[in-house]
Amino acid sequence: MYVKIMSASVLGVEGRFIEVEVNICSGLPQVSVVGLPDSAVRESVERVRAAIQNAGMKFPMDRITINLAPADLRKEGSAFDLAIAVGILCASGQVDSSLLEDTLFIGELALNGTVRNVPGVLPMTELARGAGIQRIIVPRSAVAEASLLPGIEVFGISSLAEWINGFIDDVPNEDALKSPIPGFSDKRLRALMRSAKQDADAIRENEIDLADVIGQEKGKRALLIAASGMHNLMFIGPPGTGKTMLCRRLPTLMPSLDDNEALAVTKIFSVCGKLGSDQSGLIRKRPFRAPHHTISAAGLIGGGSVPKPGEVTLAHHGILFLDEMPEFSRVCLEALRQPLEDREVTIGRARGVCRYPARFMLAASMNPCPCGYYGGSVDDRPCTCTPTAIARYRSRMSGPLADRIDLQVELPRQAVRQPTETGMTSGQARELVMEAANRQKSRYAKHGIQWNSQLQGPLLKKYTRLSSDAEMLLQQVYEQLGLSFRAHDRILKMSRTIADLAGKESIRLEDVAEAISYRSLDQMME
């Protein structure tokens with residue numbers, strides 16, 4: 001007897017339908033799994049056999065062929081276990097397959113029949129909803145994640161026996177299968193999504209604050225500009241000047257994720273298995289990823305024999321923070337050039353190409369030299385580095401990579417600490433950022449972009465027109481510093497953001513002058 005059961009997998013960060021075809025015929029007892037399965041899929045036969053027997057059902061002693069279609073797509077992971085078990089039960093006549101139309105099965109089976117969670121439930125659910133599938137059967141621990149998307153029935157089961165007891169009759173026993181977790185109706189989900197931003201703001205009250213940083217007003221101003229336009233940022237200065245403190249407070253300045261951004265980020269965390277079982281809503285807080293400098297290129301960018309997302313993808317719509325950037329390997333740093341420009345990562349392998357989104361803000365810090373005190377004005381901490389050592393240290397970050405960093409800000413060491421000094425709080429700064437972000441969102445509503453940093457081509461010319469004196473200043477600096485066309489355009493984008501922060505529609509001379517002042521690395525290389 002032949003039966004087809006619907007399941008799904010993840011390709012990149014998007015769901016992909018997999019048809020589990022089961023055929024049982026007379027012959028020597030044997031189970032064959034075809035359709036480019038990996039080791040985890042081939043081993044599912046033994047898990048399914050034990051799970052069916054421990055659920056009180058009979059595993060057929062016939063010739064069983066299991067095909068995972070499409071056959072030219074490599075199948076990975078254990079998400080097909082539940083679908084394979086259901087297919088065998090239906091093909092052997094123990095369960096009526098007519099009850100399973102428009103149903104998707106996702107889950108890994110333990111030997112005792114327990115259904116375990118698998119990564120990527122959210123993108124698979126989104127795929128099923130978009131294709132018009134009526135219901136999806138998932139592990140009970142994944143019900144909260146699958147229910148983040150309204151418009152599809154989600155049933156959670158804790159074991160194969162529980163599913164059998166619910167569907168063995170002519171009519172599915174929904175009371176037995178539906179998750180006992182209350183509050184996941186469409187109405188409740190819409191209310192949850194509306195209140196998500198207030199929840200994110202409430203969480204912010206317990207976070208670190210920009211007011212914790214004493215002094216460094218230029219650094220705070222650069223932080224404000226970076227957050228307002230999603231511009232890449234680097235702080236350069238001796239140890240203890242507040243470079244890391246400023247960067248770690250960057251998320252507290254930025255607006256919460258909108259619905260589309262939140263869904264994209266939540267899908268990525270779901271695919272990577274980093275979405276907690278207690279997640280009660282879409283992720284609304286912008287990601288902040290701070291990998292250690294010993295990370296490999298595959299860990300940072302993504303890759304491996306079986307491609308997986310890297311830190312740049314986990315930082316999608318958020319911040320990737322590289323502390324002491326020159327300490328990262330040259331291979332890692334140079335690999336950042338392509339995602340910084342294209343806003344996505346393309347990983348090619350013999351069996352196919354995976355594309356991962358990587359629209360992130362790069363925040364970085366570095367010392368001016370290996371000892372950290374080159375160029376300082378404090379007499380008791382002189383620099384001990386030779387010119388050769390300084391040149392070698394700075395050469396770890398190539399010119400093309402530095403060219404992609406919009407704000408390159410030098411932070412001086414502060415000689416006197418003033419503990420009573422109070423500055424702008426994160427809440428006050430966030431209000432300014434929100435105003436600038438709303439101006440950009442309204443301005444670019446018809447163009448499919450949201451931030452000034454995304455301007456390019458005709459849109460850049462249209463929205464960054466300069467007055468004659470501002471154009472002359474930029475041209476002089478361009479010739480004196482030997483700027484690239486990329487650096488020229490990034491100065492225009494920063495000028496647009498500075499004008500938005502000031503509430504001005506036209507870009508002024510002082511806006512361009514301030515944007516130029518943030519190109520410290522270009523001035524160092526002059």
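The values are calculated or read from the model by the stated rules, or taken from the named source; none is laboratory data. If you're wondering where the values come from, they're calculated on a predicted model, not measured in any experiment. Positions of Cβ are generated from backbone atoms using ideal geometry, with glycine treated the same way; all protein chains shown enter the neighbour counts.
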query = Looking at the range 233-247, which of its residues are surrounded by fewer than 20 Cβ atoms within 10 Å (Cβ to Cβ) and not hydrophobic (A, V, I, L, M, F, W, C)?
reply = PRO239, GLY240, THR244
inquiry  = Among the residues that make up the range 302-309, is at least one of them more than 15 Å from the chain's Cα centre (by Cα), modelled with pLDDT of 90 or more, among the aliphatic types (A, V, I, L, M) and not assigned by TED's automatic domain parsing to the domain that holds LEU521?
reply    = no
key: Checklist (1) buried (at least 20 other Cβ atoms within 10 Å of the Cβ); (2) within 23 Å of LYS58 (Cα to Cα); (3) at pLDDT below 95 applied to LEU82, failing item   = (3)
query = Is it true that LEU362 is surrounded by 23 or more Cβ atoms within 10 Å (Cβ to Cβ) and more than 12 Å from the chain's Cα centre (by Cα)?
reply = yes
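Residues checked against (1) surrounded by fewer than 23 Cβ atoms within 10 Å (Cβ to Cβ); (2) part of a loop (DSSP other than H, G, I, E, B); (3) within 26 Å of the chain's Cα centre (by Cα):
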position	(1), (2), (3)
LEU111	yes, yes, no
VAL115	no, no, no
PRO123	no, no, yes
ALA128	no, no, yes
ILE136	no, no, yes
SER141	yes, no, yes
GLU145	no, no, yes
LEU149	yes, yes, yes
ALA161	yes, no, no
key: The listed residue being within 30 Å of SER158 (Cα to Cα) and surrounded by fewer than 20 Cβ atoms within 10 Å (Cβ to Cβ), out of GLY299, GLY304, GLY281   = GLY281
inquiry  = Considering only residues that are of a type in the set (Asp, Glu), more than 20 Å from GLN338 (Cα to Cα) and free of Cβ contacts under 8 Å to residues at least 40 places away in the same chain, which ones fall in the range 480-509?
reply    = GLU505
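So if I check each of ILE24, ILE18, ILE66, ILE88, which one is of a type in the set (Val, Ile, Thr), assigned by TED's automatic domain parsing to the domain that holds VAL138 and within 30 Å of THR313 (Cα to Cα)?
Among ILE24, ILE18, ILE66, ILE88, only ILE18 is of a type in the set (Val, Ile, Thr), assigned by TED's automatic domain parsing to the domain that holds VAL138 and within 30 Å of THR313 (Cα to Cα).
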task = Restricting attention to the range 1-25, report how many residues are under 23 Å from SER98 (Cα atoms) and of a type outside the set (Phe, Trp, Tyr).
result = 15
note = Among the residues of the range 44-68, the number that are over 12 Å from ALA91 (Cα atoms) and either outside any loop (DSSP other than H, G, I, E, B) or hydrophobic (A, V, I, L, M, F, W, C) (or both) is 16
query = Residues VAL512, VAL477: which one is over 34 Å from the mean Cα position of the chain (by Cα) and surrounded by 14 or more Cβ atoms within 10 Å (Cβ to Cβ)?
reply = VAL477
remark   = Filtering helices (runs of 4 or more DSSP H) wholly in the range 300-419 for at least 3 residues that are of a type in the set (D, E, K, R) gives 337-342
task = Select from the range 25-50 the residues that are crowded, with 21+ Cβ neighbours inside 10 Å and either in contact (Cβ under 8 Å) with a residue 60 or more places away in the chain or small (Gly, Ala, Ser) (or both) and list them in ascending order.
result = SER44, VAL48
query = Regarding GLU510, is this residue closer than 20 Å to ARG439 by Cβ, part of a helix (DSSP H, G or I), out of contact with any His (no Cβ under 7 Å at 6 or more places or on another chain) and not assigned by TED's automatic domain parsing to the domain that holds GLY219?
reply = yes
query = Looking at the range 87-105, which of the residues that are farther than 20 Å from ILE152 by Cβ and in a helix (DSSP H, G or I) is nearest to the chain's Cα centre (by Cα)?
reply = GLY87
query = Can you pull out the residues in the range 152-161 that are closer than 18 Å to GLY87 by Cβ and either at pLDDT below 90 or touching a Phe, Trp or Tyr at 6+ places or on another chain (Cβ under 9 Å) (or both)?
reply = PHE155, ILE157
remark   = Note: among PRO339, PRO370, just one is surrounded by 15 or more Cβ atoms within 10 Å (Cβ to Cβ), of a type outside the set (A, V, I, L, M, F, W, C) and within 29 Å of ASP72 (Cα to Cα), namely PRO339
